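*Asks:* First, the structure itself, so that you have it in front of you.
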Amino acid sequence: MSASLELRDARLAFGGRTLWRDLDLDVQPGEFVAVLGPNGSGKTTLLKAVLGIQPLSGGSLRVLGRAPSRGDRRIGYIPQQRLLDASTPVRGADLVGFGVDGPRLGLPFRRRADRERVARLVAEVGAEGFADRPAWRLSGGEQQRLRVGQAIADHPALLLCDEPLISLDLANQAAVSGLIDRQRREHGSAVLFVTHDVNPVLEHVDRVVYLVDGRVRIGPPDEVLTSPVLSELYRTHIDVVRVHDRIVVVGAGHDPHEHAEEAS
Ligand SMILES: Nc1ncnc2c1ncn2[C@@H]1O[C@H](COP(=O)(O)OP(=O)(O)OP(=O)(O)O)[C@@H](O)[C@H]1O
C-alpha cells in the first residue's frame with residue numbers, strides 16, 4: 001500500500017526564515033498524525049503545502065500518489081475555526097451541504113439524493129438537533145461538528161485538521177476528535193491533525209510531528225514527548241510529566257505550548 005503523504009527532505013522558508021527543513025515523513029492510510037509546535041512554527045503552512053497552496057522551498061512532496069494540487073477532492077480540510085456571523089445567511093445543514101456540492105451559495109435546489117446524503121452526514125456527526133438553525137447562531141462546538149460533516153462528506157483519503165478543537169469544551173473536544181478518529185477507522189483516511197494540545201487526541205494519535213524553530217522530530221508520542229527530546233528541540237530545559245493519562249509540558253521560564261495549561 002503506498003503512503004498517503006510522502007515528504008522527502010522537505011524545506012519551507014519565507015525570505016531568510018526557515019520554518020522547517022529536513023522533513024522526511026510518510027503517512028500511511030488510516031494513520032493519525034498530530035502536528036505540534038509553538039506559535040509560528042509552520043504547522044498551518046505544512047497543511048497548506050499538502051493542499052497545494054504553498055509550494056515547498058526544497059525537497060519533494062507527494063499527496064495520495066501525485067504532486068499536490070489545489071481543489072483535490074480526495075482531501076478533506078477543516079480550517080482553523082472561523083466563527084460565523086449574521087452576514088453568513090446559511091443553515092447549519094448547509095455547512096455540511098458545501099462538502100457535498102461545493103460552496104454554491106444561493107442554490108436551493110439540491111438534488112434529492114444530495115439532500116439525503118446531507119441528512120445522513122448531519123446524523124453521522126450528531127447534529128440533527130440544531131442543523132436547521134441559522135449557522136451563525138450555533139455554538140462553536142455545534143459549528144465544528146458541522147464542519148467535520150463537511151470535511152468527511154466524500155470520505156476523503158486524507159483529512160487535514162487545523163486546530164479543530166479550539167474553544168471547545170472537554171465534551172465537545174472528545175466528540176469532535178472521536179468523529180475524526182471514526183472517519184480514519186471506518187474509511188482508512190490518513191489524518192494530519194494540527195493542535196497545540198495533544199491531550200484531547202492522545203488516545204488516537206499514532207505519531208507526532210513536532211516542529212520548533214526549523215527543527216523536526218517525528219515518532220510515537222511516548223518517544224517524542226519526553227524531557228530529553230523536547231529539551232533538545234527547544235534548546236532549553238523542558239520537563240515532561242505524565243499526570244494520569246495526560247502529558248504536561250513545563251518549560252523552564254518558557255512556555256513551549258499549551259500542554260502546560262493542563263496543569264492548572
Ligand atoms: N505567505 C507567507 N509569507 C511570509 N510569511 C508567512 C507566509 N505564510 C506564513 N508565514 C509565516 O510563517 C510562520 C508560520 O506560520 P504558520 O501559520 O504555519 O504557523 P503555525 O505553526 O500554524 O502557528 P499558530 O500555532 O500560531 O497557528 C508565521 O510567522 C507566519 O507569519
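The values are calculated or read from the model by the stated rules, or taken from the named source; none is laboratory data. What you are looking at is a predicted structure, and each value in this text was computed from that prediction instead of being measured. Neighbour counts run over all protein chains shown; Cβ positions are idealised from the backbone, glycine included.
*Asks:* Can you name the residue in the range 151-167 that is surrounded by 23 or more Cβ atoms within 10 Å (Cβ to Cβ) and not in a loop (DSSP other than H, G, I, E, B) and, of all such residues, is farthest from the chain's Cα centre (by Cα)?
*Replies:* ALA151
*Asks:* Further question: Conditions: (1) at pLDDT below 90; (2) closer than 30 Å to ARG182 by Cα. VAL205 meets all but one. Number of the miss?
*Replies:* Looking at each condition in turn, VAL205 falls short on (1).
*Asks:* Residues of the range 97-123 being closer than 27 Å to GLY30 by Cα, at pLDDT below 85 and assigned to a helix (DSSP H, G or I), which ones?
*Replies:* Selection gives GLY97, PHE98, GLY99, VAL100, ASP101, ASP114.
*Asks:* Which residues, taken from the range 24-72, are in a loop (DSSP other than H, G, I, E, B), among the hydroxyl-bearing types (Ser, Thr, Tyr) and within 13 Å of the ligand (Cβ to nearest atom)?
*Replies:* Once the filter is applied, which keeps residues that are in a loop (DSSP other than H, G, I, E, B), among the hydroxyl-bearing types (Ser, Thr, Tyr) and within 13 Å of the ligand (Cβ to nearest atom), the range 24-72 yields SER41, SER57.
*Asks:* Determine whether the range 81-88 contains at least one residue that is among the charged types (D, E, K, R) and in a loop (DSSP other than H, G, I, E, B).
*Replies:* Yes, the conditions are met somewhere in the range 81-88.
*Asks:* Here are ARG217, ARG137: which of them is without any contact (Cβ under 8 Å) to a residue 24 or more places away in the chain and either within 16 Å of the ligand (Cβ to nearest atom) or closer than 30 Å to ARG11 by Cα (or both)?
*Replies:* Only one candidate qualifies: ARG217.
*Asks:* So which residues in the range 59-86 are in contact (Cβ under 8 Å) with a residue 24 or more places away in the chain and either loosely packed, with under 15 Cβ neighbours inside 10 Å or touching a His at 6+ places or on another chain (Cβ under 9 Å) (or both), if there are any at all?
*Replies:* Passing the criteria: SER60, GLY65, ARG73, GLY76, GLN80, LEU83, ASP85, ALA86.
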